[in-house]
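Visitor: Structure below; questions to follow.
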Amino acid sequence: MKFDVCCVGHMCTDILVKPVDTLPEKGKLQLVDSIHQYTGGCTMNTAIGLAKLGVKTSLAGKVGGDGFGAFMKETLRISGVNTDGLLLEKGAMTSASVVTIGADGERTILHCLGTNQSLCFDDIDIKQVLDARYLFIGGVFLMPAFDGEAAARLLKIAQESGVVTAMDTAWDARGRWLSLIRPMLAHLDWFMPSVEEAEQMIGTREPGRLAEAFRALGVKNVVIKPGSRGCYVQPQGEEGRYFGIFPAKAVDTAGAGDAWCAGFLAGLVNGLSVDAAAVVGNAAGAMCVTQVGTTTGIRSFAETQEYARQDG
Ligand SMILES: OC[C@H]1O[C@H](O)[C@H](O)[C@@H]1O
């Protein structure tokens, strides 16, 4: 195996906007203090997070042949993510998210779909996927040509070839939730939605009931993240358990869930138990929100473990 994790799916450029204190009146322009450009999108964030945590990571997906696409490819390269599976589509626009950060660090996100809109099964370099121990799919609801049977097909191929499969979702603005995701669930070793997303699929916020429902639909191991009580982990055949969050001063919460996935998968790749990996996930998520940008706060695996020991 050449890689530990291959990440497939949603990637974009994040345009981070910090408004001045007051909210605009409806229909008026918003004054901003600053605008910055970062890499973004669940898959991109998780891939860069994994690489910063020292995991051998590759990525498959699509960006446009524009300035944003070039910026993303170069950032991936500098971060140490293999981009052989990254398509640059000439004449197409790279996806972007306008992320507005409030005074409390909470964000609102406006998605401009770009190349994620047309990402399809044939765009994915299967060899790259099968050359990894783990496949991570991120942001499945933000890729309308990939979000149903195509994602399920890729997960099935990977799982049947012995690749451990993991998936996070994203918010589904079109509200299809379980109807769309159901064919994927039977091919997932790890399903790691946020509690808000999971609630939309199953209709409860209670992690134990959510995990039970996903297990009944074919998922092997379930994580519900991160929620006010931390993350809830229920591996196959075991009781579910909570792991509490680390207190952190949030300046930008965007990417916390992606950082969690990176930390958790890095833990598994490094041979930690599921419980210890969940703690590393919580630490990576907490470190992420202390800095502006979705991957700025992520540090090496050793530093993340150290953080978990100090503040746990
Ligand atoms: O998960 C965080 C990501 O969601 C949004 O899509 C932004 O791109 C941000 O990077």
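Visitor: Can you tell me which of (1) part of a loop (DSSP other than H, G, I, E, B); (2) among the small types (Gly, Ala, Ser); (3) within 14 Å of the ligand (Cβ to nearest atom) is the one Ala145 doesn't meet?
Guide: All conditions pass for Ala145, except number (3).
Visitor: Within the range 1-51, which strands (runs of 3 or more DSSP E) (wholly inside it) include 3 or more residues that are farther than 24 Å from Asp104 by Cβ?
Guide: Ranges flagged: 3-9.
Visitor: Tell me, which residue of the range 13-45 that is of a type in the set (A, V, I, L, M) and touching a residue at least 12 places away in the same chain (Cβ under 8 Å) is nearest to Gly255 (Cα to Cα)?
Guide: Applying the filter and picking the extreme gives Met44.
Visitor: Could you please find all residues in the range 262-295 being touching a residue at least 12 places away in the same chain (Cβ under 8 Å) and assigned to a loop (DSSP other than H, G, I, E, B)? Walk me through how you get there before you give the answer.
Guide: We begin by selecting, within the range 262-295, every residue touching a residue at least 12 places away in the same chain (Cβ under 8 Å); these are 262-270, 274-275, 277-295.
Listed by number, the residues that qualify are Asn270, Thr290, Gln291, Val292, Gly293, Thr294, Thr295.
Visitor: Then there is this: Tell me which of these Ala259 doesn't satisfy, since it passes every other one: (1) aliphatic (A, V, I, L, M); (2) surrounded by fewer than 22 Cβ atoms within 10 Å (Cβ to Cβ); (3) in contact (Cβ under 8 Å) with a residue 12 or more places away in the chain.
Guide: Among (1) aliphatic (A, V, I, L, M); (2) surrounded by fewer than 22 Cβ atoms within 10 Å (Cβ to Cβ); (3) in contact (Cβ under 8 Å) with a residue 12 or more places away in the chain, the lone unmet condition for Ala259 is (2).
Visitor: Checking the structure you have, find out if any residue of the range 112-125 is within 16 Å of the ligand (Cβ to nearest atom), part of a strand (DSSP E or B), in contact (Cβ under 8 Å) with a residue 12 or more places away in the chain and over 20 Å from Ala60 (Cβ atoms).
Guide: To start, the set of residues in the range 112-125 that are within 16 Å of the ligand (Cβ to nearest atom) comprises 112-117, 119.
Pick out the ones that are also part of a strand (DSSP E or B) and you get 112.
Adding the requirement that they be in contact (Cβ under 8 Å) with a residue 12 or more places away in the chain leaves 112.
Restricting the remaining residues to those that are over 20 Å from Ala60 (Cβ atoms) gives 112.
Yes.
Visitor: Here's a follow-up. Which condition number does Ala92 fail, the rest of (1) over 19 Å from Ala173 (Cβ atoms); (2) of a type outside the set (Phe, Trp, Tyr); (3) under 17 Å from the mean Cα position of the chain (by Cα) being met?
Guide: With respect to (1) over 19 Å from Ala173 (Cβ atoms); (2) of a type outside the set (Phe, Trp, Tyr); (3) under 17 Å from the mean Cα position of the chain (by Cα), Ala92 is out only on (3).
Here is a yes/no grid of residues against (1) under 14 Å from the mean Cα position of the chain (by Cα); (2) of a type in the set (S, T, N, Q); (3) modelled with pLDDT of 95 or more:
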{"residue": "Ala254", "(1), (2), (3)": "yes, no, no"}
{"residue": "Gly271", "(1), (2), (3)": "no, no, yes"}
{"residue": "Thr295", "(1), (2), (3)": "yes, yes, yes"}
{"residue": "Glu303", "(1), (2), (3)": "no, no, yes"}
{"residue": "Ala308", "(1), (2), (3)": "no, no, no"}
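Visitor: Among the listed residues Ser34, Ser58, Ser79, which satisfies the condition of being surrounded by fewer than 24 Cβ atoms within 10 Å (Cβ to Cβ) and more than 19 Å from Gly297 (Cα to Cα)?
Guide: Step by step, each of Ser34, Ser58, Ser79 is checked, and only Ser34 is surrounded by fewer than 24 Cβ atoms within 10 Å (Cβ to Cβ) and more than 19 Å from Gly297 (Cα to Cα).
Visitor: Give the range 280-294 a look and list any residue that's within 13 Å of the ligand (Cβ to nearest atom) and among the polar types (S, T, N, Q), or say none.
Guide: The initial filter retains those residues of the range 280-294 that are within 13 Å of the ligand (Cβ to nearest atom), namely 285, 288-289, 292-294.
Thr294, the sole residue that qualifies.
Visitor: Got a number for residues in the range 7-34 being more than 23 Å from the chain's Cα centre (by Cα) and either among the β-branched types (Val, Ile, Thr) or near the ligand (Cβ under 9 Å from one of its atoms) (or both)?
Guide: Of the residues in that region, 3 qualify.
Visitor: Go through Met72, Met93 for me and flag whichever is within 16 Å of the ligand (Cβ to nearest atom) and in a helix (DSSP H, G or I).
Guide: Only one candidate qualifies: Met72.
Visitor: While we're looking at this one, here's another question. Looking at this structure, is Val140 more than 14 Å from the ligand (Cβ to nearest atom), in contact with a helix residue (DSSP H, G or I) (Cβ under 6 Å, 6 or more places away or on another chain) and touching a residue at least 40 places away in the same chain (Cβ under 8 Å)?
Guide: No.
The values are calculated or read from the model by the stated rules, or taken from the named source; none is laboratory data. No experiment lies behind these values; they were computed from the predicted model shown. For neighbour counting, all protein chains shown are included, and Cβ atoms are generated from backbone atoms with ideal geometry for every residue, glycine included.
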